[in-house]
1. Just to confirm my numbers, what's the Cα centroid distance between region 176-253 and region 85-121 in Å?
2. Taking the Cα atoms only, what angle lies between the long axis of helix 128-145 and the longest principal axis of the chain, rounded to 10 degrees?
3. Could you calculate the FRET efficiency of Ala163 with Ala39 from 1/(1 + (r/R0)^6), where r is the beta carbon distance between them and R0 is 45 Å, rounded to 0.05?
4. Give the peptides 40-46, 276-282 in descending order of average Cβ contacts within 10 Å, highest first.
5. Once the Cα atoms of helix 28-39 and of the chain are each reduced to a long axis, what angle between those two axes, in degrees from 0 to 90 to the nearest 10, is obtained?
6. Please give the direction-averaged projected area of the C-alpha convex hull for region 217-365, in square nanometres with one decimal.
7. Taking Cα atoms, how many degrees apart are the long axis of helix 312-324 and the longest axis of the chain, rounded to 10 and kept between 0 and 90?
8. Could you pull out every one of the lysines with an alpha carbon less than 24 Å from that of Lys260, ignoring same-chain neighbours closer than 8 positions?
Amino acid sequence: MRWARRWEPIAWRAVEPNEGEYRWEALAGFESELLRAQASGLEPIVVIQFTPEWAQKVVPYTCGPIRADKFGAFAAFMEQLVARYGSASPYGVRYWQLGNELDIAPEEGLFDNIYGCWGDLNDAYYGGGHYADMLKVVYPRIKAADPKAQVVLGGLLLECNPATTTIGVTCINERRWKSGYFLEGVMRAGGGNYFDVFDVHSYAQLRLDLPSRMHSFYAWSGPLGGTGLPEKVAFVRQVMGNYGHANKPILAGELALKCKEPTPECYDAAAAFVPRAVAEAYGLNLRGTVYFPLVADQVYYSLLPSNFTPKPAFVAYKFLTSQLVNSRYEGPVTHYPGVSGHLFNQNGTRLVQIVWSTDGVDRTISVPGNFARAFDKFGNPIAPAAGRLTIGWSPLYIELK
């Protein structure tokens, strides 16, 4: 594990309740967290959110956009924040994320939620241009305070692809369909030059009607199902590429298969999601992935509850790290018919394939001549039968000499 994205954002309103009045003591707990993260070798991603009342464009939404005439005030705040906690400080923060899940509208009634709500239903590009205008003012001030700083665009939900989904059928409503244009709005307004990393959030859900057992929310995965991550990343790269930014780094800042109920079937699918999505992320050349959340009681898809009793997804995550630690990504696995996967080289001592059935239907393969061992997603050994292995919807690990 290399990344720690802080669930609770830095609240601008708490540090600067009145314009020009900074209360840095509000971040005392944050400072101790950063020091612990550094001691653990974790790269922190710090989210900044919650607009104070005096700077709100849509009152009383603290999750909402900043007024244009207060962009300068926000830039001054960020400049001081980065100077205090940036790469040259004892806290060493490099990644600063401006907002969270911006492509939601205030009309959702969130007010004070952890979601952002910069969405504008009255704008053809859902408010993306306004966010870009903010970046143009704030980004140079952040870079002036710390040239090593990396500005992360506030993670987007991208709930529906407006090019391939239908309102009321594959996409729940117009708001969620229209939100797919937020990124287009950012890029169209020139915002691509004013952030360093794009953050996409990608969630899946249990689908017992599909052989693959999983499908992204709404229609990202296609008819065969899957995690939805490759389709979302392809969409993002196409939009950014249309504006000359096809190679901008992408982070999957929130990734999980959501369980609405704590059923064994859903917990098993959530565990299978972990190695598949992370392997896909390597194949997509992402900057990194962040499972969300690590610890929580109020959601069934966290890796751990507050008493730290391991959930199946945590067991799968732990085994994944043992297989990929100190590994180099080699490329996709393509030589088993009907099977998808990715190959990793661990320090030149062994090769590890993470493989699954492309359509979820069981496939039987002959084990390679350099076969060493095979494991299920939890690390349980699987012995070939007569030199053959069955690969289904749940990923397997195949170690090769």
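1. 18 Å
2. Long axis of 128-145 versus the principal axis of the chain: about 80 degrees.
3. Numbers: r = 46 Å, r/R0 = 1.02.
FRET efficiency, Ala163 to Ala39: 0.45.
4. Numbers: 40-46: 16.7, 276-282: 24.9.
Result, highest mean first: 276-282, 40-46.
5. Roughly 40 degrees between the two axes.
6. Working: hull surface 42.3 nm².
That works out to 10.6 nm².
7. Around 80 degrees separate the two axes.
8. Lys232, Lys311, Lys318, Lys377
Bear in mind that the values in this text are calculations on the coordinates, not laboratory data. Since the model is a prediction, treat every value here as computed from it, not as a measurement. Virtual Cβ from ideal backbone geometry, glycine too; neighbours counted across all protein chains shown.
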